[in-house]
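*Asks:* Sharing a structure below in structure tokens format, with a few things to ask.
The values are calculated or read from the model by the stated rules, or taken from the named source; none is laboratory data. These numbers come from a predicted model, not from an experiment. Virtual Cβ from ideal backbone geometry, glycine too; neighbours counted across all protein chains shown. Accessible surface areas use protein heavy atoms only, side chains included; no ligands, DNA or RNA. Shrake-Rupley method; radii C 1.70, N 1.55, O 1.52, S 1.80 Å.
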Amino acid sequence: MMKHILLTTLLSFIFCINGYCEKTKDEKEKKGQAYSSGIKKIKDVVIYKDDQFYSSFPSVIKLPNGELYVAFRRAPDRKVFSEKGSNHTDANSYLVAVRSKDGENWTKNPELIYAHPFGGSQDPCLFQLKDGTILCASYGWAFVRPEGIENLKKPFFDAGKGAIFLGGYIVRSTDGGQSWEDPIYPPHIEPEVHFNAMGNPVPAYNRGALYEGRNGKIYWIVAATDNLSPKKTSNHLLVSGDKGLTWEYSGVVAADEKVSFNEASIYETPKGDLVGFLRTAGMDDQACIARSTDGGKSFKWEQMGFQGHPLNVLRLPDNRVLLTYGYRHAPFGIRARILNAECTDFATAPEIVLRDDGDNSDIGYTWPVQLDENRVLVTYYFNKERGTRYIAGTILEIK
């Protein structure tokens, strides 16, 4: 009996040692991979979390005074009303923000950016111009009662339970987010087939980063539902020459008979190419890139060779580009790659797993910002153990 116990203990010890060695080996391989790719993970941080609220879809900028400003969409976690769960449309979904001086310690009580008078808002996309003006692009949903839905101008986009799409808008701040001006409504673009809840053609909208070119123009890739059967979306370029006050249609970024292109970020390379990083549907979640060499008049898109969505980019001090994205397949988490200055090596750039401890696919929507010369903060929303969605971040050291 004693021999049996000793043998069992010994075998357990050996298995534990082997497991420890395998784990240590995996960790070393991941660490080595990170170093070889130029990225070292420092730590994960919680930016905002409150169990009463479903918080998601962040964006971040660094203000001229060095302060970090993170905007996100906050709505009640419907479980506080004894409902089964939350979703991405809510009448009480507001645009809010928190601040930090170091990327680790954040203000506790969010500031209100905007509460839409006719419904809930989504995806605040911050962009800071060279003169310090801040743009925040968003879009909204109106919650219409059944008797109203019967009378709406068709076609309209119904997300379910009476949530009718309102389309996009932009708010501006010239004082570091202390106050915000009245909304600017971008133009309707011709490919968009939907009317909004007021019966007007849907104003342009999208989730993703804008970019200010060397010529002073602001570029914004927007989405449009261009077909109802089968239902699909395409991407198009809008350009502003007056700091976001007015917008003009430039052309198609990506469109296909079967594939949908939607949430997108745009970037200008040192050589002057405009590069869009596109989320897709109907193509196994393949990430796509679209490039223009003629100032946005025309684009050519192609698959990047990996899954991930949506995508975002940050120019590093040495002109390389940090590409970040959510990974909505097991193991769920956040991933990154470092691209060359012209973003041409996307197919071969090593993929780095920043974290893979997410509970399900309701995570991601990354937005990176430079903390200092060597460190970057990547913001996103996250959930663990099917808990409340919250705003998180990962601090990286990049060599």
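*Asks:* Does segment 113-263 come out rounded, prolate or oblate by the C-alpha gyration tensor, with a ≥ b ≥ c the root eigenvalues, rounded set by a/c under 1.5 and, if not, prolate when a/b is larger than b/c and oblate if not?
*Replies:* Judged from the Cα gyration tensor, segment 113-263 comes out oblate (a/c at least 1.5, b/c at or above a/b).
*Asks:* How high is the relative contact order of segment 132-241, given as a whole-number percent (alpha carbon pairs under 8 Å, six or more residues apart)?
*Replies:* Relative contact order for segment 132-241 comes out at 22 percent.
*Asks:* Once both labels are modelled 7 Å past Cα along the beta-carbon direction, what's the LYS101-ASN374 spacing in nm?
*Replies:* 2.3
*Asks:* Okay, next question. Quote the FRET efficiency, to the nearest 0.05, computed for ASP357 versus LYS79 with a Förster distance R0 of 25 Å and r equal to the Cβ-Cβ distance.
*Replies:* 0.70
*Asks:* Based on the Cβ-Cβ distance of LYS399 and ASP158, what FRET efficiency does E = 1/(1 + (r/R0)^6) give at R0 = 35 Å, to the nearest 0.05?
*Replies:* The value I calculate is 0.10.
*Asks:* Would you calculate the separation in nanometres between label points at ALA330 and ASP50, each defined as 7 Å from the Cα along the Cα-to-beta-carbon direction?
*Replies:* So the label points at ALA330 and ASP50 sit 3.5 nm apart.
*Asks:* Which residue fluctuates most in the GNM of the chain (Cα springs below 10 Å): VAL80, VAL98, VAL353?
*Replies:* Answer for the Gaussian network model of the chain: VAL80.
*Asks:* Given Cα pairs under 8 Å that are at least 6 residues apart, what percent is the relative contact order of the chain?
*Replies:* Relative contact order, the chain: 14 percent.
*Asks:* Can I ask one more? Would you work out which of LEU316, ASN151, PHE382 lies farthest towards the positive end of the dipole of the chain, given +1 charges on the beta-carbon of Lys and Arg and -1 on that of Asp and Glu, about the Cα centre?
*Replies:* Highest projection toward the positive end goes to PHE382.
*Asks:* For a label point 7 angstrom out from the Cα of THR133 toward its Cβ, which stretches of segment 215-242 have the backbone nitrogen within less than 15 Å?
*Replies:* The answer is 215-220, 239-242.
*Asks:* Going from most exposed to least, what order do THR379, THR233 have by accessible area with a 1.4 Å probe?
*Replies:* Heavy-atom accessible area, descending, gives THR233, THR379.
*Asks:* Going down the list LYS161/LYS258; LYS101/LYS399; LYS217/LYS384; LYS153/LYS258; LYS108/LYS271, which pairs span over 32 Å between their C-alpha atoms?
*Replies:* LYS217/LYS384; LYS108/LYS271
*Asks:* For segment 95-137, what does the alpha-carbon gyration tensor say about shape, rounded, prolate or oblate, given a ≥ b ≥ c as the root eigenvalues, a/c under 1.5 as rounded, and a/b over b/c as prolate?
*Replies:* oblate
*Asks:* For segment 252-392, what does the alpha-carbon gyration tensor say about shape, rounded, prolate or oblate, given a ≥ b ≥ c as the root eigenvalues, a/c under 1.5 as rounded, and a/b over b/c as prolate?
*Replies:* oblate
*Asks:* Can you pull the percent of the chain's accessible area that's carbon plus sulfur, 1.4 Å probe, other chains left in place?
*Replies:* With neighbouring chains kept in place, the figure for the chain is 52 percent.
*Asks:* Now a separate question. Name the most mobile residue of GLN52, GLN178, GLN303, meaning the one with the largest mean-square fluctuation, in a Gaussian network model of the chain with Cα contacts below 10 Å.
*Replies:* Among GLN52, GLN178, GLN303, the largest GNM mean-square fluctuation belongs to GLN178.
*Asks:* Here's another thing I want to ask about it. Arrange the residues GLU268, GLU302, GLU104, GLU190 by how much accessible surface each exposes, largest first, with a 1.4 angstrom probe.
*Replies:* GLU190, GLU302, GLU104, GLU268
*Asks:* A follow-up question, please. Can you give the accessible area of HIS116, probe radius 1.4 Å, in Å² rounded to 10?
*Replies:* 20
*Asks:* Let me have the relative contact order for segment 55-156, percent, based on Cα pairs under 8 Å that are six or more residues apart.
*Replies:* 24
*Asks:* Turning to a different aspect of this structure: If r is the Cβ-Cβ distance from ALA91 to ASP175 and R0 is 22 Å, what FRET efficiency results, to the nearest 0.05?
*Replies:* According to the calculation, E is roughly 0.15.
*Asks:* At 1.4 Å probe size, put MET283, MET304, MET198 in order of accessible surface, largest to smallest.
*Replies:* The most accessible residue leads, giving MET198, MET283, MET304.
*Asks:* A follow-up question, please. Using a 1.4 Å probe, what is the accessible area per residue for the chain, in Å²?
*Replies:* Here the per-residue accessible area is 46 Å².
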